[in-house]
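Accompanying notes for the structure given below.
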Amino acid sequence: MKFARVIGTVVASQKAEGLEGVKFLVVQLLDEQRQPKGEPQIAADATAQAGPGELVFVVGSREAAQALPVVFVPVDLAITGIIDEVDADPADRRRGPTAAWTTSG
Amino acid sequence: MYIGKVVGNVVSTIKISHLDGRKLLLVNQLDLQGNETDDYDIAVDVVQAGPGDTVLVIDEGNGARQILHLDPGAIRAVIVGVVDQVALADYAPASPPTPNGKRR
């Protein structure tokens, strides 16, 4: 799953079978520092509660459709949660790998 | 699968039912030298990993569903191991070091 920011809504009255009642939102995918990365995309809202301005996480590919009430639907990006907080301590990053890294041969 | 480093916790109250009660961690993908890259994942943890840990991540839906006993399941990235050691034999880093990795 990746970070995304909801930046708009999409209204479609004619949709493929199985997508009735599913809300679509415009999302900007973000990098690890929550900065925009790539072009905005349209995501189905599997939480049914996300709205513009919110920080969410999205799942792509085949797993996106599995987040929705009807599982076999033509969807390749879905919002699966609304983020309350990202708790990242810079000290954890500065420490080296906890695994022993050896090169032999 | 790839080797990553846990760099944070992700807290979410409103989420799909597949994620109920599951711990979400922010994982940075490492290259073969153990350096951080620009790639990351928000992954479900099943091995009690925590920030700072070097971990093994599977990023594939069918494997994730099997581990989590979900069908359907809208989860791809799962932390399935805490790495103790990486030993590379005769590894000469090409450039770039990994197909999609960029060194910081």
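Coordinate-derived values only; no laboratory data. Remember, predicted model here, so these are calculated numbers, not experimental data. As a convention, Cβ positions derive from the backbone with ideal geometry for all residues, glycine included, and neighbour counts pool all protein chains shown.
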Item to complete: Taking the Cα centre of the protein assembly as shown as origin, work out the dipole magnitude from +1 charges on Lys and Arg Cβ and -1 charges on Asp and Glu Cβ, in debye rounded to 20.
Response: 220
Worksheet entry | Phi-based couplings in Hz for the range B:4-14 (Karplus 6.51, -1.76, 1.60; Gly and Pro marked x) | x, 10, 6, 10, x, 9, 10, 9, 9, 8, 8
Worksheet item: Long-range amide H contacts for B:Glu60: which residues qualify at under 5 Å (H placed 1.01 Å from N, peptide plane, sequence gap of 5 or more or a different chain)?
Response: B:Val78
Practice prompt. Would you kindly derive the ³J(HN,Hα) couplings of the range A:73-79 from the backbone phi angles with the Karplus curve 6.51 cos²θ - 1.76 cosθ + 1.60 (θ = phi - 60°), listing them in order in whole Hz, with x for Gly and Pro?
Written response: 10, x, 9, 10, 8, 9, 7
Worksheet item: Which far-off residues, 5 or more places away or on another chain, put their amide H under 5 Å from the one on B:Asp39, with H placed in the peptide plane?
Response: B:Gln29, B:Lys102
Worksheet item: Within a Cβ distance under 12 Å of A:Ile79, other residues only, what is the Lys/Arg minus Asp/Glu net charge?
Response: +2
Worksheet item: Once the Cβ-Cβ distance between B:Ile14 and A:Thr9 is put in as r, and R0 is 22 Å, what FRET efficiency do you end up with, to the nearest 0.05?
Response: 0.80
Worksheet item: Tell me, what HN-Hα J-couplings in whole Hz come from the Karplus equation 6.51 cos²θ - 1.76 cosθ + 1.60 at θ = phi - 60° for each residue of the range B:67-77, using x for Gly and Pro?
Response: 5, 8, 6, 10, 7, x, x, 9, 10, 10, 8
Discussion item. What translational diffusion coefficient, to the nearest whole µm²/s, does the protein assembly as shown have by Stokes-Einstein, given a Kirkwood radius computed over alpha-carbon pairs, a temperature of 4 °C and 1.567 mPa s viscosity?
Written reply: 73
Worksheet item: What does the convex hull of the alpha-carbon atoms of the range B:2-82 project to on average, in nm²?
Response: 5.1
Practice prompt. Grab the eigenvalues of the alpha-carbon gyration tensor for the range A:4-65, scale each by 5, take roots, and send me the semi-axes largest first in whole angstrom.
Written response: 21, 12, 10
Worksheet item: Among B:Asn35, B:Tyr2, B:Leu24, which residue has its Cα positioned farthest towards the positive end of the charge dipole of the range B:2-82, with +1 placed on the Cβ of Lys and Arg, -1 on the Cβ of Asp and Glu, and the dipole taken about the Cα centre?
Response: B:Leu24
Fill in: 5 angstrom amide H check on A:Ala46, placed H, neighbours 5+ away
A:Ile79
Discussion item. Pairs of alpha-carbon atoms within less than 8 angstrom and 6+ residues apart define the contacts here; what relative contact order does chain A have, in percent?
Written reply: 26
Worksheet item: If R0 is 22 Å, what FRET efficiency do you get for A:Ser61 and B:Leu70 from their C-beta distance, rounded to 0.05?
Response: 0.90
Discussion item. Give me the net charge for the shell around B:Ile79: Cβ to Cβ below 14 angstrom, other residues only, Lys and Arg +1, Asp and Glu -1.
Written reply: -1
Practice prompt. Give me D for chain A in µm² s⁻¹, whole number, from Stokes-Einstein with Rh from the Kirkwood sum over alpha-carbon pairs, 10 °C and 1.306 mPa s.
Written response: 103
Fill in: Net charge of neighbours whose Cβ lies under 9 Å from the Cβ of A:Leu29, counting Lys and Arg as +1 and Asp and Glu as -1
+1
Worksheet entry | Pairs from A:Lys15/B:Lys15; A:Lys37/B:Lys23; A:Lys2/B:Lys5 whose Cα-Cα separation, in the structure shown, is over 22 Å | A:Lys15/B:Lys15; A:Lys37/B:Lys23
